[in-house]
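Scroll down for the structure; my scribbles are underneath it.
Each value in this text was obtained by applying a stated rule to the coordinates, not by laboratory testing. Since this is a predicted model, take the numbers as computed values, not measurements. When we count neighbours, we look across all protein chains shown, and the Cβ atoms used for this are built from the backbone with ideal geometry, even at glycine.
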Ligand code: ADP
Ligand code: MG
């Protein structure tokens, strides 16, 4: 273990007095914008219960480091037989997620609450417990062994993609059924284990209940109005000078507020267009970006620094005409004079062929392309839901 990581783990142990009585810190496994994650062994894990004793009520244990549970007669013990025939308990690993103090208490509470709502699914990493010391919070999750996407994406065959997305869509169908948007679907937040052919969703730090930051009806919820606006938007285009920026300067309407949380490169078009009634479909777009990465063998696929650049990247694929339509859906105007953005754009098949430097696509890859088109659909109302995606021929009638 790296000395600086050791020091960091020591600091955690010093902050949370008693933590080392329960958890043996092993290594640092993740460092993000909002947290640091450590792998640890739960040395007091109750082997007399079959699985993780997730706390039903985080308030009940007062956010303290939980005491070991008492053994109950007749409970099964998880045991391994070691080489000398002696019975040995299997170590239980946890992920300790230390949430940065810069995160707002509301945000932390939101993440823990949503995880609590989503307990009971095998595709969402459950919250075992959480504890707090002053302004610091540590969430305890079962450790899920997984492979690093940056290494595995190159070797993925279509068969592997099928398993990956079957698992991801199952997880998303569950989360969306609960009316929750994850908002940050990307490879590092879906821990995938190729041997188990299963993954778990983590990181509900940006997740929210659908409709919770609704700031008034968006035009996309009323198709009749959208048609009107399309006329209006072409009127604008003819009248005003072309501008470099994706956003028109002389728009008389008040500036729009909309949730933009997420990771660049994975944001859905309606997020970029500041849709005021975003739905669970934003997660399906992000899942589509992962599929595009795998089919196109390029990671990250999109590499924009900001939202305007992201729109330009999107426009070079979809073309001006479809971008204008997508913008109008949310009452926005899309205008550009960038010469590389054509009127018509490109098809997914061509794009994947260029990106992956192959001559042709196999039949199974073509099936993947069809699914991709359903996911990376600019209009969220036409985009596949997780449930619909699971019914796609890519899964139900796979060609090899
Ligand atoms: P952040 O908000 O900092 O992105 P995450 O919850 O996404 O925090 O965790 C960051 C990283 O830590 C993940 O990408 C993953 O590599 C690792 N990690 C998180 N939870 C687990 C877990 N339950 N099991 C194994 N690794 C995990
Ligand atoms: Mg994360």
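Ordered by packing density, taken as the mean number of other Cβ atoms within 10 Å over each peptide's residues, highest first, how do 345-355, 101-111 rank?
On the way: 345-355: 16.5, 101-111: 14.4.
Output ranking for 345-355, 101-111: 345-355, 101-111.
Taking the Cβ of each residue in 392, 133 as the centre, tally the other Cβ atoms inside 10 Å and list the residues starting with the fewest.
The order, fewest Cβ neighbours first, is 133, 392.
Would you mind ranking 220, 275 so that the residue whose beta carbon has the fewest other beta carbons within 10 Å leads the list?
Going from least to most buried by this count: 220, 275.
Determine the distance separating the Cα centre of the range 290-328 from the Cα centre of the range 184-208; give it in Å without decimals.
Computed from Cα coordinates, the inter-centre distance equals 22 Å.
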